[in-house]
Amino acid sequence: MNATGNRNAPMVVFGVFLVVLGIVLFGFQFWDVDIIGLGWPLFVIVPGLLFFVGMVAGGRQTGLSYLAIPGSVITSVGLLLAYQNITGDWQSWSYAWSLVAPGAVGLGLLIAGTREGEPAVRRTGGWLLGVGLLFALIGEWVFVRLIGIGGNGFGPVVESIVPAGLIVAGLFVIFSRGKRAA
């Protein structure tokens, strides 16, 4: 892609967004869909996905891969809101926040580090993603299983995963520290 094409890419993405949004809104009018009641999380999900579209549309231009970070954060918030809107499980925010930060931030860094060829960024992203998932599991276990608040939770599987995960993490820490000291 030439330099002019790279400079016009954000405007093309924005133009495509406007056209798609217009078509969707016409479709909602035609089929009489209650957009506010049903699809309002799309107003969060779609802008998040546009960051990924911008990243891909920019090709391998240095730095554009970092659009994956806000894209991951905004899209994950939208997906969580969609889940909560469908299920009514609004209490899940008591533990689901960690899927957004640090989880989605880590996912964005993992994507960006992989595309940019930066192992340190990729490694940091992997760690943040893992910490976010671990916080969500532990938070779900504490709020839903121990305290009895926080909605439906992830299900009975978490009752086994959290303690087993903590044991595995503890063994990893114990044995990996011994190898580094040697």
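The values are calculated or read from the model by the stated rules, or taken from the named source; none is laboratory data. Note that the structure is predicted; figures quoted are calculated from it, not measured. Every residue, glycine among them, receives a Cβ derived from its backbone with ideal geometry; neighbour counts consider all protein chains shown.
Structural remarks
The rows are residues; the columns are (1) modelled with pLDDT of 75 or more; (2) in contact with a Gly (Cβ under 7 Å, 6 or more places away or on another chain).
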{"site": "Arg122", "(1), (2)": "yes, yes"}
{"site": "Leu128", "(1), (2)": "yes, yes"}
{"site": "Trp141", "(1), (2)": "yes, no"}
{"site": "Ile147", "(1), (2)": "yes, no"}
{"site": "Gly155", "(1), (2)": "no, no"}
{"site": "Val158", "(1), (2)": "no, no"}
{"site": "Leu166", "(1), (2)": "no, no"}
{"site": "Ile174", "(1), (2)": "yes, no"}
{"site": "Ala181", "(1), (2)": "no, no"}
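- Single residue of Leu166, Leu146, Leu134 found to be on the phi < 0 side of the Ramachandran plot and within 20 Å of the chain's Cα centre (by Cα): Leu134
- Residue within the range 95-112 that is assigned to a helix (DSSP H, G or I), modelled with pLDDT under 90, touching a Phe, Trp or Tyr at 6+ places or on another chain (Cβ under 7 Å) and not hydrophobic (A, V, I, L, M, F, W, C) present: yes
- Pairs linking a residue in the range 40-69 that is at pLDDT below 90 and surrounded by fewer than 19 Cβ atoms within 10 Å (Cβ to Cβ) to a residue that is in a loop (DSSP other than H, G, I, E, B) and not β-branched (Val, Ile, Thr), with Cβ atoms under 7 Å and 6 or more positions apart or on different chains, are Gly59/Met1.
- In the range 100-122, the residues that are in contact (Cβ under 8 Å) with a residue 40 or more places away in the chain reach residues that are surrounded by fewer than 21 Cβ atoms within 10 Å (Cβ to Cβ) and among the polar types (S, T, N, Q) with C-beta atoms within less than 6 angstrom, at least six apart or across chains, in these pairs: Leu109/Thr124.
- Of the set (1) crowded, with 18+ Cβ neighbours inside 10 Å; (2) modelled with pLDDT of 85 or more; (3) at positive phi, all apply to Gly117 but (1).
- The set of residues from the range 53-68 being β-branched (Val, Ile, Thr), assigned to a helix (DSSP H, G or I) and closer than 14 Å to Thr114 by Cα comprises just one member, Val56.
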